[in-house]
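Here's the structure we're looking at; comments come further down.
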Amino acid sequence: MKAEMAEKVKDFPAKYGRVPHLVVILVGEDPASVSYVTGKAKASAEVGIRNTTIRKPETIAEEELLGIIAGLNADPEVDGILVQLPLPKHIDEEKVIAAIDKAKDVDGFHPLNVAALWQKQPCTLPCTPKGIVKMLKAAGVEIAGKRAVVVGRSNIVGLPVSKLLLDENATVTVTHSRTRDLGEVTRGAEILVVAIGRPKFVTADMVSEGAVVIDVGVNRDPETGRLCGDVDFAAVEPKAAVITPVPGGVGPMTICCLMENTIECFLRRM
Ligand SMILES: Nc1nc2c(c(=O)[nH]1)N[C@@H](CN(C=O)c1ccc(C(=O)N[C@@H](CCC(=O)O)C(=O)O)cc1)CN2
């Protein structure tokens with residue numbers, strides 16, 4: 001994807017006078033967020049997208065953050081604005097996301113983009129769910145008619161990926177921490193998407209032979225301190241038809257889709 005996008009962006013200066021410009025705002029020093037923002041800058045460089053990362057201290061006032069976003073909304077040279085989540089507790093995340101110009105919302109988190117997704121209207125799709133469906137298709141997984149189970153109901157992943165799978169004509173069940181007999185439900189999955197945020201939460205007995213398993217989690221294994229997903233990969237991989245690893249699966253795909261969304265927002269503005 002990155003090579004294809006780089007090829008396309010190469011022609012933009014001649015065609016449009018400039019390349020797409022993505023601005024990422026990072027509040028605080030959370031090591032995971034710092035690493036994701038660095039990944040976004042690196043991918044931007046690979047694709048030929050201009051990247052500006054604005055770093056602000058944990059103590060920034062909500063008003064100051066809203067002021068920065070207002071300035072970026074008004075800047076004709078900015079095509080995409082992304083506020084790295086989570087934000088510190090004293091800042092209202094929903095207010096900040098809603099302050100981003102919908103046309104520059106490369107995350108697809110703005111309420112108008114969310115509404116458009118649920119009404120099947122043209123919109124910017126959230127990066128992780130978009131990447132998951134792209135990966136399924138690229139791997140040749142037939143989605144239509146399949147029983148898909150999504151573990152997790154977050155606004156960022158669980159709910160939007162459920163909607164995208166429904167739009168692909170899967171029969172979708174959304175489960176969460178209060179679902180009774182979760183293993184009973186996940187064993188019925190032909191496609192299992194896990195986004196619950198708990199290391200190695202899905203064990204081999206919760207997965208049926210031949211299932212397609214998508215692991216969205218990025219956690220630290222409490223025993224080894226190494227990165228791991230929400231799925232016990234070593235135990236589940238022998239049963240799965242295909243499975244995404246952590247690291248190296250959904251995370252990098254999320255960043256690729258962010259690059260794609262930035263290019264789409266740029267082209268809509270040209
Ligand atoms: N504004 C946003 N904030 C957050 C989002 C988002 O989509 N928009 N999603 C997550 C974090 N995230 C993107 O920002 C993200 C998570 C993981 C990865 C990734 O590449 N992970 C690597 C491992 C990286 C590591 O070494 O820690 C992998 O899985 O291979 C990219 C992006 C929450 N916030």
_I want to verify the translational diffusion coefficient of the chain in µm²/s; compute it with Stokes-Einstein, Rh as the Kirkwood radius over Cα pairs, at 4 °C and 1.567 mPa s._
67
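Report the relative contact order of the chain, percent, no decimals, based on alpha-carbon pairs under 8 angstrom and at least 6 residues apart. Mind dumping the intermediate values first?
Details: 493 pairs, mean separation 43.6, N = 270.
Reported relative contact order: 16 percent.
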*What FRET efficiency do you get for Ile54 and Arg198 if R0 is 35 Å and r is their Cβ-Cβ distance, rounded to the nearest 0.05?*
0.65
*Enumerate the aspartates and glutamates that Lys104 could reach by cross-link, defined here as Cα to Cα under 15 Å, with residues fewer than 8 away along the same chain left out.*
Asp75, Glu77, Asp79, Glu260, Glu264
*Report the calculated FRET efficiency for Arg187 and Ala32 (r = Cβ-Cβ distance, R0 = 30 Å), to the nearest 0.05.*
0.45
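Treating only the Cβ atoms of Lys and Arg (+1) and Asp and Glu (-1) as charged, compute the dipole magnitude of the chain about its Cα centre; round to the nearest 20 debye.
Working: 32 positive and 35 negative charges, 91 e Å.
So the dipole magnitude of the chain works out to roughly 440 debye.
With the full set of protein chains in place, find how many percent of the accessible area of the stretch 1-107 is carbon and sulfur; take the probe as 1.4 Å. Intermediate results must be reported in sequence, preceding the final value.
Working: 2950 of 5360 Å².
C and S atoms contribute 55 percent here.
Considering only Cα-Cα distances, which of the following residue pairs are longer than 25 Å: Lys120/Lys146; Lys2/Lys146; Lys89/Lys130? Intermediate values should be presented prior to the final figure.
Working: Lys120/Lys146 20 Å; Lys2/Lys146 30 Å; Lys89/Lys130 28 Å.
Cα-Cα > 25 Å for Lys2/Lys146; Lys89/Lys130; rest within.
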*Hz values of 3J(HN,Hα) by residue in the stretch 206-217 - Karplus curve (6.51, -1.76, 1.60), Gly and Pro given as x*: 9, 10, 7, 3, x, 6, 9, 10, 10, 9, 8, x
*By its C-alpha gyration tensor, with a ≥ b ≥ c as the square roots of the eigenvalues, how is the stretch 1-103 shaped: rounded for a/c under 1.5, else prolate for a/b larger than b/c, else oblate?*
oblate
*Rank Ser35, Pro222, Ile91 by how far each Cα sits towards the positive end of the charge dipole of the chain (+1 on Lys, Arg Cβ; -1 on Asp, Glu Cβ) and give me just the farthest.*
Ser35
*Are there cysteines in the chain with no second cysteine's Cβ under 4.7 Å away, and if so, which?*
Cys123, Cys228, Cys256, Cys265
_Could you derive backbone 3J(HN,Hα) for the stretch 180-192 from the dihedral phi with the Karplus parameters 6.51, -1.76 and 1.60 (θ = phi - 60°), listing whole Hz in sequence and x where the residue is Gly or Pro?_
7, 6, 4, x, 4, 6, 5, 5, x, 7, 8, 10, 10
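Can you sort Met259, Met270 by solvent-accessible area, 1.4 Å probe, largest first?
Numbers: Met259 0, Met270 90 Å².
So the residues, ranked largest to smallest area, are Met270, Met259.
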*Quick one: which residues, 5+ away or cross-chain, put their amide H under 5 Å from the amide H of Thr179? H built at 1.01 Å from N.*
none
*Averaging sequence separations of C-alpha pairs under 8 Å and six or more residues apart, then dividing by the length of the stretch 1-107, give the relative contact order as a whole percent.*
31
*Built amide H within the under 5 Å cut-off of Val83, gap 5+*: Ile25
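Calculate, for Arg178 and Arg147, the FRET efficiency according to 1/(1 + (r/R0)^6) with r their C-beta to C-beta distance and R0 22 Å; round to the nearest 0.05. Write out the running numbers ahead of the final one.
On the way: r = 21 Å, r/R0 = 0.95.
So, using R0 = 22 Å, E works out to roughly 0.60.
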*Please report, as a whole percent, how much of the solvent-accessible surface of the stretch 165-259 comes from carbon and sulfur atoms (probe radius 1.4 Å).*
50
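For the chain, report the accessible area per residue in Å² (1.4 Å probe, heavy atoms, rounded to an integer).
48
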_Pairwise label distance in nanometres, Arg269 with Ala70, each label 7 Å out on the Cα-Cβ vector_ = 1.9
*Separation of the stretch 145-188 and the stretch 211-262 by C-alpha centroid, Å?*
17
_Karplus (6.51, -1.76, 1.60) ³J(HN,Hα), θ = phi - 60°, over the stretch 129-143, in Hz, Gly and Pro reported as x_ = x, 4, x, 5, 5, 4, 5, 4, 5, 5, 7, x, 7, 6, 9
*Amide H of Cys228: which non-local residues (sequence gap of 5 or more, or other chain) have their own amide H closer than 5 Å, using H built in the peptide plane?*
Asn219, Arg220, Asp221
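The values are calculated or read from the model by the stated rules, or taken from the named source; none is laboratory data. Keep in mind that this is a model prediction, so the values were computed, not measured. Note that we place each Cβ from the backbone using ideal geometry, even for glycine, and neighbour counts take in every protein chain shown. To get the accessible areas, we keep the full protein, side chains included, count just its heavy atoms, and leave off ligands, DNA and RNA. Shrake-Rupley method; radii C 1.70, N 1.55, O 1.52, S 1.80 Å.
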